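Encoded as structure tokens, the structure appears first; notes follow it.
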Amino acid sequence: MNAVLAVAGKELRDGLRNRWALAITVVFAVLAVGLAAFGSVASGQVGFAPLSTTIVSLASLAVFLIPLIALMLAYDSVVGEEQQGTLLLLLTYPLSRIELLTGKFLGHSAVLGLSTLVGFGAAGGVIAALSPQVTVAQLLPPLTLFIVSSVLLGWAFIALAYLISVSTREKGRAAGLALVVWFLFVLVFDLGLLAILVGTGGAVDAGLFRGLMLLNPTDVFRLVNLTGFEAVAAQAGLMSVAEDAFHPVLLLAVLAGWVVAPFGLALWLFHRRRA
Amino acid sequence: MTESVVEFAGAGRRYGSVHALEALDLTVRRGEVLALLGHNGAGKSTAMKLVLGVIASTSGSVRVFGRDPRGAHSNDLRMQLGYLPENVSFYDQLSGREVMRYFARLKRRGGGEADQLLERVGLMEAANRRVRTYSKGMRQRLGVAQALLGNPSLLLLDEPTVGLDPIATQDFYGMLDELRGRGVSIVLCSHVLPGVEAHIDRAAILAEGRLRAVGTLDELRRGAGLPLTIRVRGRMEGADLERRLAGEGVALDSADGGELVFLAPPAAKLETLRALLAAPGVEDIDIDRPTLESLYNYFEAGRAAEAEGSQ
């Protein structure tokens, strides 16, 4: 356990040192405050947007940004250490491969989790203080749900990044694969779903369709945040198919599954990997 | 004590159809410095990884301190090992001290020991600088420092003097002698290192995954039977000397003004010397025994030719 914490602490320190944590925090905070303050300009109003609009706009941007950030943060975690010669060295220390990868995962998760919490949390504070229509009591539940789902989404993509990192031998290749994974999950998957809907003329079984959406962590994240508000259900697009079908707790559990499964697979592959 | 610390018994490692290491029989004795010599791809790194338990042998067995390096107690075993990998660059973002503390914690040692070792390899002044600013030699010294964490009783050093300037190399050899004096067993893995002869007990020469020769320098010299190089200076007749020495099997290698260089079979050393002392005009004599480098070249090339002949 001590070894796991040592590795996690080192990764966390690395994340603070190379300004990753700072950059993520600032980007998230600016994004959230900006959307809250100027979100209604597009509809011809000046001033703070309604809370529902802010959360929905934020979620539709975060769904692109968080996976990208997570993949960039962690894609070289194993393959990068291999290239600088430290992986072989670490493997000769008294710690198992499982401890090594778990420690790294905890460290990276802490970097992303803390940045998300601080970034969006600070933005929430600013919105509550400045916006006349929003009270803290109104703000807290949807913002908490948003932050928790954001963190889980980030962790899911860190786990996917580890999967990439343990199955490649070159950093450049891992970076390319990370981009492909991002593209598939964030863009291509939904296009595929739309194609199914259009191709079948909407005659696809609703239960099956909802099930398909759970196969993509970014869609689960959208479901959590877009369908929670009555007022914005109309803006939810593809997500409205699954409206009210899933309880948020169930969706969060599925997101957690998207963290555990790829990470478990990465552990198994790393264990079998040739040194 | 001649107890063995590492024991390869017919240990081999295959990658697909490639034999990285074939049936290696070799022991490292307690407290000795063994040089493992060979070209890239000769199997040195594979042998080290087998000892470290990072990979498993595909045939035969490897025992370290009498135990399986991949067995249930491998963590205890690893506490007693120090390893310096080839070309390690460490973490650019962290300072030298942070890197050492990290590795110390992984080896369950305190920060005080990390600082002592930084002092010992002469990195104390640079300890708070980021590793990114370190030269190749400083990184190498950091690598040596982390290998010494936890007072290991077996050290495996892969190309330890690469990137070190001559003074740092001498310092390194000095540290090697001191460790040997404390009974630490050391395996030095390298190409041929000039000047390493005085600091090693035995050398093992690997080529193409096979052990070509192993022994002390004297044993290797006996096995190779390479001639001694005898340099003679003075005012003497080359042809006359050559005639005097021809009976001992000594051949003139080169003549350059006042210096003649002869190649003499090792067994004829004393006879040759007597003949030279008796010769008029000889003022100075130097005898060079075959260097480790020439022994290495002999065993490497000799057996390669043999393998070619058998095909």
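Please treat every number below as a calculation from the coordinates, not as lab data. Quantities reported herein were computed from a predicted structural model and do not represent experimental measurements. All Cβ positions, even for glycine, are placed from backbone atoms using ideal geometry, and neighbour counts span all protein chains on display.
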Helix-only [θ]222 nm of the protein assembly as shown, DSSP H runs n ≥ 4, -39500 (n - 2.57) each, per residue, nearest 500: -17000 deg cm²/dmol
With the crude spin-label approximation of a point 7 Å out along Cα→Cβ, what separation in nm comes out for B:ALA72 versus B:ASP240? 8.0 nm
With point charges of +1 on the Cβ of Lys and Arg and -1 on the Cβ of Asp and Glu, referenced to the Cα centre of region B:227-288, which listed residue (B:ALA268, B:LEU252, B:ILE230) lies farthest in the positive direction of the dipole? B:ALA268
If neighbour count is taken as other Cβ atoms inside 10 Å, put A:ILE69, B:ILE285 in order from fewest to most. B:ILE285, A:ILE69
Tilt relative to chain B, helix B:166-181 - C-alpha long axis, 0 to 90 degrees, to 10: 80 degrees
Can you give the Rg/Rh ratio of region A:2-272, where Rg is from the C-alpha atoms and Rh is the Kirkwood radius? 1.00
Rounded to 10°, Cα long-axis angle of helix B:136-147 versus longest principal axis of chain B: 70 degrees
Treating the beta-carbon of each Lys and Arg as +1 and of each Asp and Glu as -1, no other charges, what is the dipole magnitude of chain B about its Cα centre, to the nearest 20 debye? 1600 debye
Degrees between helix B:269-278 axis and first principal axis of chain B (Cα, 0 to 90, nearest 10): 40 degrees
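Is there a simple number for the mean count of other chain Cβ atoms within 10 Å of the Cβ of residues in B:48-60, and what is it?
Working: counts 2, 4, 0, 1, 6, 3, 7, 3, 1, 0, 0, 0, 0.
Taking all residues of B:48-60 together, the mean is 2.
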Put in order of increasing Cβ neighbours within 10 Å, starting from the fewest, B:TYR134, B:TYR173, A:TYR93 give B:TYR173, B:TYR134, A:TYR93
Can you pull the three principal axis extents for the Cα set of chain B, in Å, largest first? 71, 49, 36
Taking all pairs of different Cα atoms in region A:60-148, averaging 1/r and flipping that mean, what Kirkwood radius in angstroms comes out? 15.8 Å
Residues of type aspartates and glutamates that A:LYS104 reaches as a straight line, Cα spacing below 15 Å, ignoring anything fewer than 8 places off in the same chain: A:GLU11, A:ASP14, A:ASP76, A:GLU81, A:GLU82
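Working from the pairwise distances between different alpha carbons, so that the mean of 1/r is found and then inverted, what is region B:227-288's Kirkwood radius in Å?
Working: mean 1/r = 0.0900 Å⁻¹.
Here the Kirkwood hydrodynamic radius works out to 11.1 Å.
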Mean separation of Cα contacts under 8 Å (at least 6 apart) over the residue count of region B:227-288, i.e. the relative contact order in percent, is 50 percent
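What do you get when you divide the Cα radius of gyration of region A:1-110 by 2.2 N^0.38 Å, with N the number of residues?
Rounded to two decimals, the normalised Rg is 1.46.
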Report Rg (one decimal) and Dmax (nearest whole number) for the protein assembly as shown, counting Cα atoms only, units Å. 33.5, 115
Please list 3J(HN,Hα) in residue order for region B:66-79, calculated via the Karplus relation 6.51 cos²θ - 1.76 cosθ + 1.60 where θ = phi - 60°; whole Hz, with x for glycine and proline. x, 10, 6, x, 10, x, 5, 9, 4, 5, 4, 4, 5, 5
What percent of all Cα-Cα pairs in region B:112-245 falls in each 5 Å bin, counting up from 0? 2, 8, 15, 17, 14, 12, 9, 7, 6, 5, 3, 2, 1, 0
Convex hull around the C-alpha positions of region B:180-311: the volume in Å³ per residue is 146 Å³
For chain B, averaging the sequence separation of alpha carbon pairs under 8 Å that lie six or more residues apart and dividing by its residue count, the contact order in percent is 19 percent
Could you calculate the FRET efficiency of B:ASN40 with A:VAL41 from 1/(1 + (r/R0)^6), where r is the beta carbon distance between them and R0 is 56 Å, rounded to 0.05? 0.30
Partner chain coverage, peptide B:75-87 - average Cβ within 10 angstrom: 3
Could you list A:SER57, B:SER135, B:SER153 in order of exposure, starting from the residue whose Cβ has the fewest other Cβ atoms within 10 Å? B:SER135, B:SER153, A:SER57
Could you give the size of the charge dipole of chain A about its Cα centre, using +1 on the Cβ of each K and R and -1 on the Cβ of each D and E, expressed in debye and rounded to the nearest 20? 820 debye
Could you tell me which of A:VAL4, B:TYR296, B:LEU37 has its Cα farthest along the dipole of the protein assembly as shown towards the positive end, charges placed at Cβ (Lys, Arg +1; Asp, Glu -1), taken about the Cα centre? A:VAL4
With unit charges on the beta carbon (Lys/Arg positive, Asp/Glu negative), name the residue among A:GLY172, A:LEU139, A:ALA156 whose Cα is farthest towards the positive pole of the charge dipole of region A:117-234. A:GLY172
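Hey, what did region A:1-137 get for relative contact order, percent, Cα under 8 Å, at least 6 apart?
47 percent
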How high is the FRET efficiency between B:MET124 and B:ARG231 when r is their beta carbon distance and R₀ equals 56 Å, given to the nearest 0.05? 0.80
Work out, in µm²/s and without decimals, the Stokes-Einstein translational diffusion coefficient of region A:113-235 at 20 °C, 1.002 mPa s, Rh from Kirkwood over C-alpha pairs. 125 µm²/s
About its Cα centre, the protein assembly as shown carries a charge dipole, from +1 on Lys and Arg Cβ atoms and -1 on Asp and Glu Cβ atoms, whose size in debye to the nearest 20 is 1240 debye
Helical segments meeting 20 Å axial Cα length and Kyte-Doolittle 1.0 threshold in chain A (DSSP H): A:20-38, A:51-74, A:97-130, A:136-166, A:248-272
Can you give me the distance in nm between label points at B:ASP256 and A:LEU140, each placed 7 Å from the Cα along the Cα-to-Cβ direction? 9.1 nm
Just check region A:152-194 against the gyration tensor rule for me: Cα atoms, a ≥ b ≥ c as the square roots of the eigenvalues, rounded for a/c under 1.5, and otherwise prolate or oblate depending on whether a/b exceeds b/c. oblate
